[in-house]
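S.K.: Below you will find the structure I want to go over with you.
The values are calculated or read from the model by the stated rules, or taken from the named source; none is laboratory data. Please read these numbers as outputs of a predicted model, since none were measured by experiment. Cβ sites come from the backbone with ideal geometry, for glycine too, and all protein chains shown count toward neighbours. All accessible areas refer to the heavy atoms of the entire protein, side chains included, with ligands and DNA or RNA removed. Shrake-Rupley method; radii C 1.70, N 1.55, O 1.52, S 1.80 Å.
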Amino acid sequence: MSGKEYRTITDVKGPLVFLNKTEPVSFGEIVQLRLSDGSMKNGQVLDTSDDQVIVQVFEGTASIDRQTGVKFLGDVFKLPVSKGLIGRILDGAGRPRDGGPEIVADEMADIIGAAINPYSRQSPKSFIQTGISAIDACTSLVRGQKLPIFSASGLPHNDIALQIARQAKLVDSDDDFVVVFCAMGITAEEYNFFVHDLERTGALENAALFVNLADDPAVERLITPRLALTAAEYLAFEHDYHVLVIYTDMTNYCESLRQIGAAREEVPGRRGYPGYMYTDLAMLYERAGLVKGKKGSITQFPILTMPGDDITHPIPDLSGYITEGQIVISRELHQKGIYPPINVLPSLSRLMNAGIGPGKTREDHKSVSDQLYAAYAQGRELRGLVAIVGEDALNERDLQMLKFSDIFEDQFLRQGRDEDRPIQEGTLDLAWDLLSNIDTKFLVRLEQKWIDKYHPTDKKEE
Amino acid sequence: MSEENGVIYRISGPVVTAIGIAPRMYEVVRVGNEGLMGEVIELHGDQSVIQVYEETSGISPGEPVVRTGRTLSVQLGPGLLTQIYDGIQRPLPKLEETMGVFITRGVDADGLDLEKKWEFNPAIKAGDEISAGQIIGIVQETETIEHRVMVPPGKSGVVKSVESGSFNITETVCKLEDGTEIAMMQEWPVRHPRPFIQKYAPDVPLMTGQRILDFLFPLAKGGTAGIPGPFGSGKTVTQQQLAKWSDAQIVVYIGCGERGNEMTEVLDEFPHLIDPNTNTPLMNRTVMIANTSNMPVAAREASVYTGVTIAEYFRDMGYNVALMADSTSRWAEAMREISSRLEEMPGEEGYPAYLSSRLAEFYERAGRVQTLAGDDGSVSVIGAVSPPGGDISEPVSQGTLRIVKVFWGLDAGLARQRHFPAINWLNSYSLYPQALDKWYRDNIASDFPEVRTEISTLLQVEAELQEIVQLVGSDALPIDQQLTLEVARMIREYFLQQNAFHDVDTYSDLKLQYDMARAILSFQEEAKKAIAGGAQLEDVVNVPARTDLMRGRFEKGYNDKIGDLVSEMGKQISATMGAN
């Protein structure tokens, strides 16, 4: 059937083209549209029946008319993949953007990606040291995890993502990461920032970039992350790379999803986002992990900006239900001048317990992290009380917790943009130092054996 | 016959419309050239609307649709235990063999191994009159669980012959006089509850080893519980703790639209964890269903029914079964997605109007029953709910709370303080204690209900006092109220908090829970006396023996030591009177 060109467009609505046709067209098939001026656009079949086909056009429907020729290519969307992707910059539809040659394909890979059989997965359990204390100690990242950064406009999430990309290393092997970077609807300025930073540190040679900018077609954003993940899967599972996928900004992706839903006149779910957004996001996020019999891995760092700093907004909310934790960036800490402004309290790493402990980080890691949380949480809560009744009304225990929360922010959270703290001597020892500001009897989360072994004052007494 | 074979007319995601075919509602059909499995969910003039359990891209109108005459069913028989299935009972290890690590489509797999031979020991003899549900023989399926082979519902008669020895599950093991042949395997349509004689009121607790659950908000065997909570509040950990430690004989764990890595963790962990009741690996009593979030959404919709049907089957053998569904919200979302593809008129928040009746039907399949064979069996259902933004006013949470008898409310604030399990003791409830109190008095301690009431009253009082403390600080309170705050803190930090990842603390038996609660009350009592005798509150609170008592729960053998630790604490507290 390929080769036949239809000129049967009846309706054009937003990014969708409706046409009557005569021969069967498959669901999900790729479509080529030839405009009257000879230019080409690409699309994909969203709905197909004997009478009508609905096509979603990636480049937008501007200048499409009823004379536009529509050709069904008889295949679903595929990305040419090879090791040559590393070091390249591609656009949001997978075409070279860096002036280089087309990718020479070793293989054409279906971009939708099949689900990994849960039985075939391997449990992620190798600790990744990011060199950022807040993450390493409190929300430890594990190879094969998907850990989003929940941020908001005006916060330095890009710096944090880049710092992680630069510093991430495995403590139990010398393997390096390959970075697959996927930009969806970010501004040219942000894009330049990323590229410059990756160039400055030489990381660009070890990265593949898929870039859809703010002025590129919104619908194209729906395929950009799928291309990036397809490339990542190929590199990880065919060539044994450890791949770190950073995508920014998931919020733009979800906006595009809503746009398509609205154009199809679907029944909307919360706040106008389609009811299937959970499933759709899962089909991206779940492409992280390790599988049996393959050496490579995919670790994901999606970045999303929470509209109105609202963590209950459908985008962060549905993401949080799929991803294995989240790193929450705090405006309050940012305004205090603390970098990285990571609020560890709502942050979480679900795979942390599998990645830390003896032989991985250190035996006391879990206890220390619990104690840091508990003390900092109590200290922060007391700040509200002190604002009303003053410090005099606090008992000894509360006073120490209050002081600790300030020290914790100032010395533990705060660190330089290029400061790479090793987990044991850098992060955990620092935590013990700071915790020694609190009387041992109030450190109820620490087991006695760790206090005996690691507490700085106890150590001196030995 | 044209009514048997039709063609595809339209495809929209997982929903396919066929024409030229006249199937029954909920009949299973084969769709397209690859024969993808689908289920008829709507009849509309000459069009049949089908939800397809596999990815539909690449399928075209005009491809064939074939009736099978069956409704969506599961295969029931020896071989279910230790297995892991997708939502439509295809064994995942089998899928790995045929398609590799990624799940492609068009592969059919039997739920049970039809070739494997099992040692069948008959429990009946020729001439016996048998009826539906009666146990005709025993197969030792795993080390601990004997599989009781039953007469399928609807069959009965006089036994003509019965076999003994090694058979596969499709071979006839029993013949009736009227020519009926019975094999070890039976099939059952998942959307229909399996029959039983009557439902009883639950009056035995399902023990989970989780202090806050067993002690304050218990679930009865055959009861229903809902666990709503925002992400990160520990729903999955709680569900897994229940799957690990509850004293049910069979556990069915449904991972419905959740994370792949979590299922892997369960798969890795369960074969190594030892069931405290039988001392054999937990896997021996577990059936798992994993339809992760990125697997086809229609199969997710079916997964819950597949799971509960398997649970009912074991119940019919006379077992106590616990079923965990994580998460029912994902199941509801699957319904919503399919409903919106059908262009149905939506109810609240886009969910179909029949959402709450589907939820009710599902939870109603729980219960303690008299089985057809006259035995006592139960299915307890524990459903996780994932309300958007943690706000339980949404339809799935509300629909669930109207039905379940136990509500374990997870709280983001507690999770943030790393108070785990992050179950809010102020708004959670259980409607079972009254029914269970007799059991507690007979089996644990005669004053068990009173101790429980005292503990929960202390927590209530604390909440009221905290409001005052927020305004004036704790030092402004009279000394007896300050003591109450300390006691409540002890309840929270020592009793309610429980570390799921700690070898010892992860499980406390009910006797120990009672002893720990008594220890707290005894601290309160001693402290009151000491303070009345002139001791300082700070000295009383800081006696080293109390710290020992509290930290001791992480040590092995705590059950035996707790008595001594409590009396030591009592001595030290008394001694504080003389200190000033």
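S.K.: Please report the Cα spread of chain A along all three principal axes, rounded to whole Å, starting with the longest.
M.R.: Principal-axis extents of the Cα atoms in chain A, largest first: 86, 49, 41 Å.
S.K.: Using θ = phi - 60° and the Karplus curve 6.51 cos²θ - 1.76 cosθ + 1.60, what whole-Hz ³J(HN,Hα) does each residue of the range B:71-78 get, with Gly and Pro shown as x?
M.R.: Those phi angles translate into 8, 4, 10, 10, 8, 10, x, x Hz.
S.K.: Once the range B:115-184 is represented by equal point scatterers at the alpha-carbon sites, with solvent omitted, what log10 I(q)/I(0) does the Debye formula produce at q = 0.14, 0.15 Å⁻¹?
M.R.: Debye curve over Cα of the range B:115-184, log10 I(q)/I(0) at q = 0.14, 0.15 Å⁻¹: -0.37, -0.42.
S.K.: Roll a 1.4 Å probe over the protein chains and send me the accessible area per residue for the range B:115-184 in Å².
M.R.: Accessible area per residue: 47 Å².
S.K.: Looking at chain A, what % of its DSSP beta bridges pair antiparallel, to the nearest 5?
M.R.: So the antiparallel bridges amount to about 60 percent of the total.
S.K.: Still on this structure, I have one more. For the range B:329-335, what does the Karplus curve 6.51 cos²θ - 1.76 cosθ + 1.60, with θ = phi - 60°, yield as ³J(HN,Hα) per residue in whole Hz, taken in order and with x for Gly and Pro?
M.R.: 5, 5, 5, 4, 5, 4, 4
S.K.: Here's something else I'd like to know. Could you work out, residue by residue across B:52-64, how many beta carbons of other chains sit within 10 Å of that residue's beta carbon, and then give the average as an integer? It would help to have the intermediate numbers written out before the result.
M.R.: Working: counts 0, 0, 0, 5, 4, 10, 10, 6, 11, 11, 4, 2, 0.
So the per-residue partner count for this stretch is 5.
S.K.: At 1.4 Å probe radius, can you tell me the per residue accessible area of the range A:184-274 in Å²?
M.R.: 34
S.K.: Ok, one more. Just to confirm a number: summing +1 for Lys and Arg and -1 for Asp and Glu over residues other than A:Leu229 whose beta-carbon lies under 12 angstrom from that of A:Leu229, what do you get?
M.R.: Combined, the nearby Lys, Arg, Asp and Glu give 0.
S.K.: Computing the accessible area with a 1.4 Å probe over protein heavy atoms, can you report the carbon and sulfur percentage for the protein assembly as shown?
M.R.: Result for the protein assembly as shown: 48 percent of the exposed heavy-atom area is carbon or sulfur.
S.K.: Also: Please label the shape of the range A:90-137 as rounded, prolate or oblate, based on the square roots a ≥ b ≥ c of the eigenvalues of the alpha-carbon gyration tensor (a/c under 1.5 means rounded; beyond that, a/b larger than b/c means prolate, else oblate). Numbers along the way, then the final one.
M.R.: Working: a/c = 3.37, a/b = 1.46, b/c = 2.31.
Verdict is oblate for the range A:90-137.
S.K.: Tell me which of B:Gly106, B:Ile403, B:Pro122 sits at the most positive position along the dipole axis of chain B, charges placed on C-beta atoms (Lys, Arg +1; Asp, Glu -1).
M.R.: B:Ile403
S.K.: Here is a further query. Hey, can you grab everything whose amide H is under 5 Å from the amide H of B:Lys160? Only 5+ residues off in sequence or another chain; H modelled, so Pro and N-termini drop out.
M.R.: Residues meeting the amide H criterion: B:Gly127, B:Lys175, B:Leu176, B:Glu177.
S.K.: Then there is this: What net charge is computed for the residues neighbouring A:Asp91, neighbours being all others with C-beta under 10 Å from the C-beta of A:Asp91, Lys and Arg scored +1, Asp and Glu -1? Intermediate results must be reported in sequence, preceding the final value.
M.R.: On the way: positive: A:Arg95, A:Arg97; negative: A:Asp98, A:Asp216, A:Glu220.
Spelling it out: positives minus negatives among the neighbours equals -1.
S.K.: Determine which residues of the range B:128-154 fall in the zone a paramagnetic label at B:Glu119 would reach in this model, i.e. backbone nitrogen under 15 Å from the point 7 Å along Cα→Cβ.
M.R.: B:138-147
S.K.: Moving to a separate point now. How large is Rg/Rh for the range B:178-238, to two decimals, with Cα atoms and a Kirkwood Rh? It would help to have the intermediate numbers written out before the result.
M.R.: On the way: Rg = 18.6 Å, Rh = 15.9 Å.
Radius of gyration over Kirkwood radius for the range B:178-238 works out to 1.17.
S.K.: Let me ask you something else. Report which residues of the range B:229-274 become buried by 40 Å² or more of accessible surface when going from the isolated chain to the complete set of protein chains (1.4 Å probe; DNA, RNA and ligands ignored).
M.R.: Checking the loss per residue gives B:Phe231, B:Gly232, B:Arg259, B:Asn261, B:Thr264.
S.K.: Tell me the total accessible area that B and A bury against each other, 1.4 angstrom probe, in square angstrom rounded to 100.
M.R.: 6400
S.K.: Now for a different question. What average count of beta carbons from other chains do you get within 10 Å of the Cβ of residues in A:289-295?
M.R.: That works out to 3 on average.
S.K.: Counting only DSSP beta bridges with both residues in chain B, what percent are antiparallel, rounded to the nearest 5?
M.R.: 70
S.K.: In sequence order, what are the phi-derived ³J(HN,Hα) couplings for the range B:300-314 according to the Karplus relation 6.51 cos²θ - 1.76 cosθ + 1.60 with θ = phi - 60°, rounded to whole Hz, with x for glycine and proline?
M.R.: 5, 4, 6, 4, 5, 5, 4, x, 6, 5, 4, 4, 5, 4, 5
S.K.: Counting Lys and Arg as +1 and Asp and Glu as -1, what is the net charge of the other residues whose Cβ lies under 9 Å from the Cβ of B:Thr309?
M.R.: Once all neighbours under 9 Å are counted, the net charge is +2.
S.K.: Taking amide hydrogens as modeled 1.01 Å from N in the peptide plane, which residues meet the under 5 Å criterion relative to B:Thr292, leaving out close sequence neighbours?
M.R.: Amide H neighbours of B:Thr292: B:Gly257.
S.K.: Listed highest first by mean packing, meaning other Cβ atoms within 10 Å per residue, what order do A:421-430, B:327-336, A:149-158, B:40-49 come in?
M.R.: On the way: A:421-430: 18.3, B:327-336: 27.4, A:149-158: 20.7, B:40-49: 15.9.
Result, highest mean Cβ count within 10 Å first: B:327-336, A:149-158, A:421-430, B:40-49.
S.K.: If you don't mind, there's one more thing I want to ask. Summarise the partner chain shielding of B:89-96 as one whole number: the mean count of Cβ atoms from other chains within 10 Å of each residue's Cβ.
M.R.: On the way: counts 0, 0, 1, 4, 3, 1, 4, 6.
Taking all residues of B:89-96 together, the mean is 2.
S.K.: Would you please put A:87-96, A:138-147 in order of how densely packed they are, using the mean number of other Cβ atoms within 10 angstrom per residue and starting with the highest?
M.R.: Numbers: A:87-96: 19.0, A:138-147: 27.0.
Sorting A:87-96, A:138-147 by mean packing, highest first, produces A:138-147, A:87-96.
S.K.: Could the peptides B:125-131, B:192-198 be put in order, highest first, of the mean number of other beta-carbon atoms found within 10 Å of their residues?
M.R.: Packing order, densest peptide first, comes out as B:192-198, B:125-131.
S.K.: Let me ask you something else. Largest first, please: the extent of the C-alpha atoms of the protein assembly as shown along each principal axis, to the nearest Å.
M.R.: 100, 88, 48
S.K.: Could you work out the helix-only [θ] at 222 nm for the protein assembly as shown, with each DSSP H run of four or more residues adding -39,500 (n - 2.57) and the total divided by the number of residues, to the nearest 500 deg cm²/dmol?
M.R.: Mean residue ellipticity at 222 nm (helix-derived): -9500 deg cm²/dmol.
S.K.: Right, something else. Quick one: of the DSSP bridges fully inside the protein assembly as shown, what percent are antiparallel, nearest 5?
M.R.: Beta bridges within the protein assembly as shown, antiparallel portion: roughly 65 percent.
S.K.: Based solely on C-alpha atoms, express the radius of gyration and the Dmax of the range B:198-430 in angstrom.
M.R.: Gyration radius and largest Cα-Cα distance of the range B:198-430: 16.8, 52 Å.
S.K.: So, for the range B:198-430, what is the accessible surface per residue at a probe of 1.4 Å, expressed in square angstrom?
M.R.: Per-residue accessible area for the range B:198-430 comes out at 24 Å².
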